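Scroll down for the structure; my scribbles are underneath it.
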Amino acid sequence: MITGYIFILSAAICWGLIGIFSSLAFAQGIEPMEVAFWRALLTWICFATQAVIQGNTRIDVKDTPLLVVFSLFGISLFYISYQYAVKTGGAAFASVLLYTAPAWVVVFSYFIYKEKLTRIKIISVILVIAGVYLISKTGGNASGSHSIGVVALLSGICAGFCYSLYYTIGKHFSKKYTSANLFLYLLPLGALAILPFVEFTHKTPLAWTALISVSVISTYIANYCYYIGLKCLEAGRASIVATIEPVVAALAAYILFGEYFTFLGYWGVLFILTAVVVTIYEK
């Protein structure tokens, strides 16, 4: 169990650094769209190597349509929206808004799977909405007296929506494929969908370091650690431990970039993370 906690914590820390590495790339003149593209492509190289070595390259042709949809929303739109959330709202802001995902899952489950709306689920959704409202109205960066812009807010919520697909569509595929096997096909499709919108720029060694870090450390290694941890811990506990991700992001963003929330903003963060924990606990 201790080993499981170590791997899950490692995954959360790696995920929490996505915004930090992305911000470093932005500072070197790389635009969000290009960061999203390289994240998909470089991470694909890692997963493809693992899949080939392990011999996990099979795919059921019947799954192709859903794989394409998952790739467009779970990779292309997710990576793009998250990068824009980081650039326009800050690393901590983007990480917190990512955790609106469970609220989306509750909504999907009600309308698509006809799951019952329990009191806990309703409270969780209300907490998420209240949390997003407080954060959006009280600022999420070093100029904490200003409201978050529309682009930042929509990008963050969109990222949370796309991330929720990993709980629904991703869960469906996890029964048939390993993560390496699944990402072997998802990532190149996602990268190709982003490619037409990318304007490539000259990259300094620091820019390449940031791009490689967000791909290898914050995506591939994070995913690898998380699934190793799941072998030692039940999914509920692992998910709760993983909520340390926005805490890591907030601390790193404050130390490196001076980003912070206002008093009410931190209450908004608490509302969102509380909603995540109680939703997971109910399951």
Which length gain, in nm to one decimal place, applies between Glu282 and Tyr133 when the Cα-Cα distance is subtracted from 0.36 nm times their residue separation?
51.2 nm
For the pairs Lys87/Lys137; Lys62/Lys175; Lys121/Lys176; Lys114/Lys171; Lys137/Lys171; Lys114/Lys175, note any where the Cα-Cα span goes beyond 24 Å.
Lys121/Lys176; Lys137/Lys171
Which number comes out as Rg/Rh for segment 18-83 once both Rg and the Kirkwood Rh are worked out on C-alpha atoms?
1.07
If you rank Ile53, Ile157 by fewest surrounding Cβ atoms within 10 Å, what's the result?
Ile53, Ile157
Volume per residue that the Cα convex hull of the chain spans, once the total is divided by residue count, Å³
128
Give, rounded to the nearest 20 debye, the magnitude of the charge dipole that segment 2-282 has about its Cα centre when Lys and Arg contribute +1 at Cβ and Asp and Glu contribute -1 at Cβ.
580
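Every read-out reported here was derived from the displayed coordinates using simple, explicitly stated rules and does not represent laboratory data. This is a predicted model, so every value here is computed, not measured. Positions of Cβ are generated from backbone atoms using ideal geometry, with glycine treated the same way; all protein chains shown enter the neighbour counts.
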